[in-house]
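> Structure incoming, see below.
The values are calculated or read from the model by the stated rules, or taken from the named source; none is laboratory data. Just so you know, these numbers come straight off a predicted model, no measurement behind them. All Cβ positions, even for glycine, are placed from backbone atoms using ideal geometry, and neighbour counts span all protein chains on display.
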Amino acid sequence: MRILIVDDEPIAQDILETYIGKVQDVQLVGKCRNAPEAFAAINNQQVDVMLLDINMPGITGMDFVKSLRNPPLVIFTTAYTEYAIESYELNAVDYLLKPISFERFLKGINKAKDILQPGSGTEKTTDNTVFIKADNKLVRIDLQQLQFAEALKDYIQLHTEQGKKLIHCTMKSLEETLAPYPNFLRVQKSYIVNITCITEVDGNTIRIKEHSISIGNTYKEQVYAVLNRHRLL
């Protein structure tokens, strides 16, 4: 699998190059700092997957993908969560939040391998299931059953249709795992909600059944934009 890195940050390029070197059956074919360089690269050689930053000088990663008639598979690598839904609409393979761990990087690469080489033997789950790394274990979560996640100091309380599940995990790690799934939205520092489970939105309060969750000030713009897009406001 031939991979092209597109990122204007040298440190980010170096980290991704190191990760690629640890994976079998993948090859780094180039490193680009911007969209024009990447355009030339994919027109001069075979590129199977682009590891693509979003916020770059000139043309953004999103606009670059939109400009391509037949783009390679795309894995977005970014420090920003707010483009996750748009990446889903562009059929991105994955959405990796910086700083990217090797485990999370490998999961994205395996997704791309499964698309390019069906039956390649990489770890698969159903579209509605993820494994969350928690307390040195992998915890299987059915996303259809997950209503919202609540941060409790060093733990996360997962509220599901079957009840509550407490896991030792950070909110950042959970947010990174759920980033490729557009139904999940962080609405404040301590809560990520499944927007398909929202029963009511009243001003700055989201209700999921009997639970009331306030929308944090720093998340309002993003939350309202998503809720409007899904006609929940």
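> Residues that are under 19 Å from the mean Cα position of the chain (by Cα): list the strands (runs of 3 or more DSSP E) wholly contained in the stretch 12-87 that include at least 2 such residues.
On the way: elements: 27-32, 49-52, 73-78.
Per the criteria, 49-52, 73-78.
> Further question on the same structure: Being free of Cβ contacts under 8 Å to residues at least 40 places away in the same chain and either of a type in the set (Gly, Ala, Ser) or assigned to a strand (DSSP E or B) (or both) is the filter here; which residues of the stretch 163-173 pass it?
Answer for the stretch 163-173, where residues must be free of Cβ contacts under 8 Å to residues at least 40 places away in the same chain and either of a type in the set (Gly, Ala, Ser) or assigned to a strand (DSSP E or B) (or both): GLY163, LYS164, LYS165, LEU166, ILE167.
Quick grid of which residues meet (1) assigned by TED's automatic domain parsing to the domain that holds GLU103; (2) on the phi > 0 side of the Ramachandran plot; (3) in contact with a helix residue (DSSP H, G or I) (Cβ under 7 Å, 6 or more places away or on another chain):
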position: GLY163; (1), (2), (3): no, yes, no
position: LYS172; (1), (2), (3): no, no, no
position: ASN183; (1), (2), (3): no, no, yes
position: LYS189; (1), (2), (3): no, no, no
position: ILE192; (1), (2), (3): no, no, yes
position: THR199; (1), (2), (3): no, no, no
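> Any residue that is farther than 30 Å from ILE195 by Cβ, crowded, with 20+ Cβ neighbours inside 10 Å, touching a helix residue (DSSP H, G or I) at 6+ places or on another chain (Cβ under 7 Å) and not aliphatic (A, V, I, L, M) - is there at least one of those in the stretch 32-55?
yes
> I would also like to ask the following. Does the stretch 184-200 contain any residue that is among the acidic types (Asp, Glu) and either at pLDDT below 85 or under 17 Å from VAL130 (Cα atoms) (or both)?
No; the residues of the stretch 184-200 include none that is among the acidic types (Asp, Glu) and either at pLDDT below 85 or under 17 Å from VAL130 (Cα atoms) (or both).
> How many residues are closer than 22 Å to LEU96 by Cβ, in contact (Cβ under 8 Å) with a residue 40 or more places away in the chain and in a helix (DSSP H, G or I) if we restrict to the stretch 174-224?
6
> In the list ASP53, ASP25, ASP48, ASP7, which residue meets the criterion of being free of Cβ contacts under 8 Å to residues at least 60 places away in the same chain and of a type in the set (D, E, K, R)?
Numbers: ASP25 fails: free of Cβ contacts under 8 Å to residues at least 60 places away in the same chain; ASP48 fails: free of Cβ contacts under 8 Å to residues at least 60 places away in the same chain; ASP7 fails: free of Cβ contacts under 8 Å to residues at least 60 places away in the same chain.
Among ASP53, ASP25, ASP48, ASP7, only ASP53 is free of Cβ contacts under 8 Å to residues at least 60 places away in the same chain and of a type in the set (D, E, K, R).
> Still on this structure, please answer the following. With within 28 Å of LEU106 (Cβ to Cβ) and in contact with an Asp or Glu (Cβ under 8 Å, 6 or more places away or on another chain) as the only criterion, which of ILE167, ILE141, ILE206 stands out? Quick ask: steps written out before the conclusion?
Working: ILE141 fails: in contact with an Asp or Glu (Cβ under 8 Å, 6 or more places away or on another chain); ILE206 fails: within 28 Å of LEU106 (Cβ to Cβ).
It is ILE167.
> Hey, does the stretch 150-165 have a residue that's crowded, with 20+ Cβ neighbours inside 10 Å and touching a His at 6+ places or on another chain (Cβ under 6 Å)?
Here is the first cut: in the stretch 150-165, the ones crowded, with 20+ Cβ neighbours inside 10 Å are 156, 158-159.
Narrowing further to those that are touching a His at 6+ places or on another chain (Cβ under 6 Å): none.
Checked the stretch 150-165: no residue is crowded, with 20+ Cβ neighbours inside 10 Å and touching a His at 6+ places or on another chain (Cβ under 6 Å).
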